[in-house]
Amino acid sequence: MNINKLKSYLIFNICAIIILLSLGTWQLERLQWKNRYISQIETKISMPAIEINENNSIYLDTYKNRKVTIKGSYLYDKKITLHSKVYNKLVGKHLLVPLKTDYGYLLVNRGFITDAGLKNLNEDTEVLNITGMINFSSKKPYFIPNNNLQNNDWYYVNIKEIGEYLSLNLLNYYLIEENNLAEPFPIGSQYNIDIPNDHLQYAFTWFSLALALSVFMHLVWRKYE
């Protein structure tokens, strides 16, 4: 290898190392952001529930990840289920039921339920105080089928589609109901805040590649020094 080729090789590798170090640093910054984000969600969930009334009901859509208590009655004749859910090795579904409130129709994820639990569900329609966490429609996850309105097959929460299917003008957010220990099913509090946080692994990968390339470049330099 002549001196010009060696210089070009070294310059190329130095640029590659700088890029790898930049990617590793960026992943560490993402790690800090993700940790703060998860901490904020956990803090909001742990805060006391806000009791919804006429004064604060208009701000409900700003209470994402906050627990609220709202009064209403369930419309069990319009219940639907989300397919393919697992809880403690049990296979079942998530039960979604509209709640008629003074502020509109609010979709409620009542929690995990098995087929047997669904058959024995207590469909009480009296006015209740419901506590849960505010959330919004989710994007369709990868590898999850599209919702099929014609067959009443649901795989993720899309409030607009569910409202069209039920012929209800649903509020643009929904409630994830807190667990009611008095009933075996549904099992509430399905908050699902298990947010992937693999940025430290990604950072380690980029930094390791940068280190390996640095060592290899040093050996090449020593050989032709």
Exercise for review: List every residue whose amide H lies under 5 Å from the amide H of LYS71, counting only residues 5 or more places away in sequence or on a different chain, with H placed 1.01 Å from N in the peptide plane.
Suggested key: ILE130
Review point. For the chain, what size does the Cα cloud have along each of its three principal axes, sorted from largest down, in whole Å?
Key: 86, 40, 32
Review point. How compact and how long is segment 55-177, expressed as Rg and Dmax of its alpha-carbon atoms in Å?
Key: 14.1, 43
**Study point:** GNM result for the chain, Cα springs below 10 Å: residue of ASN179, ASN53, ASN151 fluctuating most strongly
**Key:** ASN151
Revision key, fill the gap. Once the in-chain neighbours fewer than 8 apart are removed, the lysines whose Cα is under 28 Å from LYS223 read LYS5, LYS7
Revision key, fill the gap. Under the 7 Å Cα-to-Cβ spin-label approximation, GLU51 and ASN197 lie apart by a distance in nanometres of 3.4 nm
Check your understanding: How much net charge surrounds ASP153 when only the other residues with a Cβ under 13 Å from the Cβ of ASP153 are counted, with Lys and Arg +1 and Asp and Glu -1?
Key -> 0
Check your understanding: What is the distance, in nm, between label points placed 7 Å from the Cα along the Cα-to-Cβ direction at ASP77 and at PHE216?
Key -> 7.0 nm
Study note, to complete from the structure: The long-range amide H neighbours of ASN179, using H built 1.01 Å from N in the peptide plane and a cut-off of under 5 Å, are GLY188, SER189
Practice item. Could you tell me which trypsin sites (Lys or Arg not before Pro) in segment 94-151 are loop residues by DSSP with no more than 16 other beta carbons within 10 angstrom of their beta carbon? Key: LYS139
Study note, to complete from the structure: Comparing LEU128, LEU82, LEU200 in a Gaussian network model of the chain (Cα, 10 Å), the one with the largest mean-square fluctuation is LEU200
Practice item. Kindly work out what percent of the DSSP beta bridges joining two residues of the chain are antiparallel, to the nearest 5. Key: 80 percent
Review point. Using a simple spin-label model with points 7 Å from Cα along the Cα→Cβ vector, what separation in nm is obtained for THR125 and LEU149?
Key: 2.5 nm
Check your understanding: By DSSP, what percent of the beta bridges with both residues in segment 55-177 are antiparallel, rounded to the nearest 5?
Key -> 85 percent
Check your understanding: Within the set LYS78/LYS100; LYS79/LYS100; LYS67/LYS89; LYS71/LYS93; LYS67/LYS140, which residue pairs have Cα atoms separated by over 19 Å?
Key -> LYS67/LYS89; LYS71/LYS93; LYS67/LYS140
Check your understanding: Taking only DSSP H segments of four or more residues, each worth -39500 (n - 2.57), what value at 222 nm results for the chain once the sum is divided by all its residues, to the nearest 500 deg cm²/dmol?
Key -> -13000 deg cm²/dmol
Check your understanding: Among GLU54, GLU177, GLU29, whose mean-square fluctuation peaks in a Gaussian network model of the chain (Cα, cutoff 10 Å)?
Key -> GLU54
Check your understanding: Using θ = phi - 60° and the Karplus curve 6.51 cos²θ - 1.76 cosθ + 1.60, what whole-Hz ³J(HN,Hα) does each residue of segment 6-17 get, with Gly and Pro shown as x?
Key -> 5, 5, 4, 4, 5, 4, 4, 6, 4, 4, 5, 5
Point to revise | Efficiency of FRET between ASN13 and ASN35 - r from beta-carbon atoms, R0 25 angstrom, step 0.05 | key: 0.15
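A short reminder: the numbers here are calculations on the coordinates, not readings from a lab. Fair warning: this is a prediction, and the values are worked out from it, not measured in the lab. Cβ coordinates were reconstructed from backbone atoms using ideal geometry, including for glycine residues, and neighbour counts include every protein chain displayed.
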